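First up is the structure itself, then whatever we jot down about it.
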Amino acid sequence: MVDVDAALDASGLTNEAVREYVKHWAQITQPDRIEVIGAEDDDRLIQECLESGEFQPAGEGRYYSRSYSKDTARSEERTIVATNDEKDKGVYNNWRPASEMKEKLTELMRGQSKGKTMYVLPYLMSPKGNELAQWAAGVELTDSRPVVLHMMRMSRVGVEHVNDLPEQGNFVRAVHVTGDLENLGQGTPDDKRYFVTVADERMILHFGSSYGGNALLGKIAHGLRQGAYDGWDTRKFLAEQYMLIGITDKETGKRYHITGGFPSASGKTNLAMMLPPDAMGDRYQVDFYGDDIAWLWVDESTGKLMGMNPEFGVFGVAKDTNEKTNPTALHSTDPGTKVIFTNVAYNPKLEEVWWEGRTPEPPADLEGWLDWKGHPIADREPGDDSPWAHPNSRFTTTLANVPNAADDFDEAAGVPIDAIIFGGRTRDREPLIRAIHDVAEGVYDGLTLGAEATFAAEGVEGQLRYDPMSNRPFMAYGEGDYARHYLDLLAQVKDKPLFAHVNWFQKDPEDGHYVWPGFRENLRPLLWLMRLKDGEVTGRSTPVGIIPTEDELDLEGLDLPQADLDRILSIDVPRWQQEMGFREEHLKQFDRLPEEIWEAHRRVSADLDNEV
Ligand code: GTP
Ligand code: SPV
Ligand code: MN
């Protein structure tokens, strides 16, 4: 048995509860070595990864890694929220009893780190000193060095985050064991992976992956599932899959903050890193706070809804990121950023990476290029047009590398929230933007957020895959209780945030082109929303919210065909009426759904019926 005390003493980790926890799990997973990690270990660990082949160089201060080919995304079916009370069972959280899951995971993890190092990563999922910092401390134990390097970008790490805890035992116990990736039956009936959050014991046990949300436990397991459970349990806060931005109008000096959720891979990172359109000059500035998670609370002294990003980095989708769509994202991966690319295409001779949409055409000279599985492109069968990069390939970079990071992103205070927006990939029905003043109707809108089903098995034509507040894969407790918590928290807010639903993805039914250019142009509807909040415009009332009139929307320098403009600024009432039936079925699944939500649903339905 490895000498745990010696390793912990050498690192200066003094928190007794953490030391007990490390010993407990070292006895189960049986690593050969133990290493406590702080920010100062980054260069050494990168060097070790380069030597071991876990990383390869991708130009100066840029690294390339490949994950096991059946381990490239989160697995929703294998993700479970366990507690000691069946009342926590919801429609989406795959609830199971805590005792059953703890026993199962302990057995799966037993002896699995033999021959390996157990890295001990104390982390903080909040800016230091933040109002919610007491729910933000955790210690991830992992047997994967690349996971350590990802976590060091995505969260603040170091023993100081646990040594000084006011209550020594108050940290999330997050255990990650990779397992034998080639023998886990990923996606088969004999799947051996388990990703479990034991929410009422503040414990996370993930077995069988070294990728993304399955392995970086501070990120979505703690930052979303555990955070959401703690926020509800204490009635103090919300932990949501939201981006968070600041918008400044330099002409008027006004500054706004907008948070909101779009389902995974639907544009949060892109919106948060948005540069204003060239045609708008330099009047506006968009500041990045967060692109994937926001924690929201009510400031007791001012009554304002506040928000902060618990993360320290970005785990962004590579696909279609380029100089035109998102220069900010591209430059957050510049030479010297110590970015880690995962599962993009790689050329070891040139030390370069490429992904679909990086340039209009792939590199013409195929020499040396390898696809995301490591196969030479030049050896492909004729007609093989499978993507070079995995569609979920990603870049991992710290917030400090993001060119439009807000000056105060790391400050304790957080920012006041002016608006909460929801959006998904919807090809019809949803206009460019519709604003909602009423809080219950806003929460109802979030609960009925949907995006197109991405493959046939998951949905009926025209019917959405509902994804409440974009939180479906991260839901920690029952949806009815979740809605209640939202309403109760917002009831304490004095200056209510404005809600809005946005859609960048409406398509022309004839030729399928996106009718809204999206990306940087998305600032335009958000500016309208802020003017509406300030009473400078009134918009046009519809049964589903207020939409901009054509002349209220700043379209300066944007050449949009009239037919496309008409489409995104209109409401298709019969299509909406059909949608209301689907929504009713969706909401009926939820136990204890507050009556206010049903009232909002009936109100919108009746208003739609009165339109025809
Ligand atoms: P997660 O990290 O999975 O939670 O995703 P995300 O919501 O941060 O998504 P992201 O911004 O990384 O975008 C995912 C994909 O949507 C990328 O391929 C983008 O190029 C594309 N996308 C983002 N914004 C727009 C837009 O305004 N219009 C269009 N057409 N595509 C967009
Ligand atoms: C998502 O899937 O929504 C992500 C990436 O943000 S992961 O960290 O893998 O969850
Ligand atoms: Mn996400």
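Please compute the length gained on full extension between LYS324 and GLN285, using 0.36 nm multiplied by the number of residues separating them and subtracting their Cα-Cα distance. Please report the intermediate quantities before stating the final value.
On the way: separation 39, 0.36 × 39 = 14.04 nm, distance 1.76 nm.
Length gained, LYS324 through GLN285: 12.3 nm.
Could you tell me which of rounded, prolate or oblate describes the chain, using a ≥ b ≥ c as the square roots of the eigenvalues of the alpha-carbon gyration tensor, with rounded for a/c under 1.5 and, failing that, prolate when a/b is larger than b/c and oblate otherwise? All intermediate terms of the calculation are to be shown ahead of the outcome.
Values: a/c = 1.61, a/b = 1.31, b/c = 1.23.
Prolate, because a/c is 1.5 or more and a/b exceeds b/c.
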Could you tell me the distance between the Cα centroids of the range 472-516 and the range 197-249, to the nearest Å? 18
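Sort ARG235, ARG145 by heavy-atom solvent-accessible area, probe 1.4 angstrom, most to least. It would help to have the intermediate numbers written out before the result.
Values: ARG235 135, ARG145 50 Å².
Descending accessible area places them as ARG235, ARG145.
Compute, for the chain, the length of the dipole vector about the Cα centre, with Cβ point charges of +1 (Lys, Arg) and -1 (Asp, Glu) only. Units Debye, rounded to 20.
Magnitude of the dipole: close to 1000 debye.
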Of all DSSP beta bridges in the chain, antiparallel share, percent nearest 5: 65
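Find the eigenvalues of the gyration tensor of the Cα atoms of the range 232-354, then list the square roots of 5 times those eigenvalues as equivalent ellipsoid semi-axes, largest first, in whole angstrom.
Numbers: eigenvalues 184, 87, 25 Å².
In descending order the semi-axes read 30, 21, 11 Å.
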As a percent rounded to 5, the proportion of antiparallel DSSP bridges among beta bridges in the range 121-187 is 55
Between GLN134 and LEU558, what is the spin-label point distance in nm, taking each point 7 Å from the Cα along the Cα→C-beta axis? 4.5
Using a 1.4 angstrom probe with every protein chain in place, what is the largest-first accessible-area order of TYR444, TYR514? TYR514, TYR444
Pulled fully out, how much extra length does the chain show between ASP191 and LYS373, if you take 0.36 nm times their separation in residues and subtract their Cα-Cα distance? 63.4 nm
If you roll a 1.4 angstrom probe over the protein chains with everything in place, what fraction of the accessible area of the chain belongs to carbon and sulfur, to the nearest %? 47
Expressed as a whole percent, how much of the Cα-Cα distance distribution for the range 267-335 exceeds 14 Å? 66
Rg in Å to one decimal, and Dmax rounded to a whole Å, for the range 370-444 via C-alpha atoms: 21.5, 59
Geometric extent, Cα atoms of the range 84-214 - Rg, Dmax (angstrom): 15.6, 46
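Mind pulling the per residue volume of the convex hull built on the Cα atoms of the range 198-250? Å³ is fine.
Details: hull volume 4.7 nm³, N = 53.
Given the Cα convex hull of the range 198-250, per-residue volume reads 89 Å³.
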What accessible area per residue, rounded to a whole number of Å², is obtained for the chain using a probe radius of 1.4 Å? 39
Mind checking the alpha-carbon convex hull of the range 1-101 and giving the volume per residue in Å³? 185
Whole-Hz ³J(HN,Hα) from phi, Karplus 6.51 cos²θ - 1.76 cosθ + 1.60, for the range 574-581, glycine and proline x: x, 5, 5, 5, 4, 4, 4, x
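The values are calculated or read from the model by the stated rules, or taken from the named source; none is laboratory data. Quick caveat, the model's predicted, so the values are computed rather than measured. Note: ideal-geometry Cβ built from the backbone for every residue, glycine included; neighbour counts use all protein chains shown. Remember, those area values only see protein heavy atoms, side chains included, never the ligands or the DNA or RNA. Shrake-Rupley method; radii C 1.70, N 1.55, O 1.52, S 1.80 Å.
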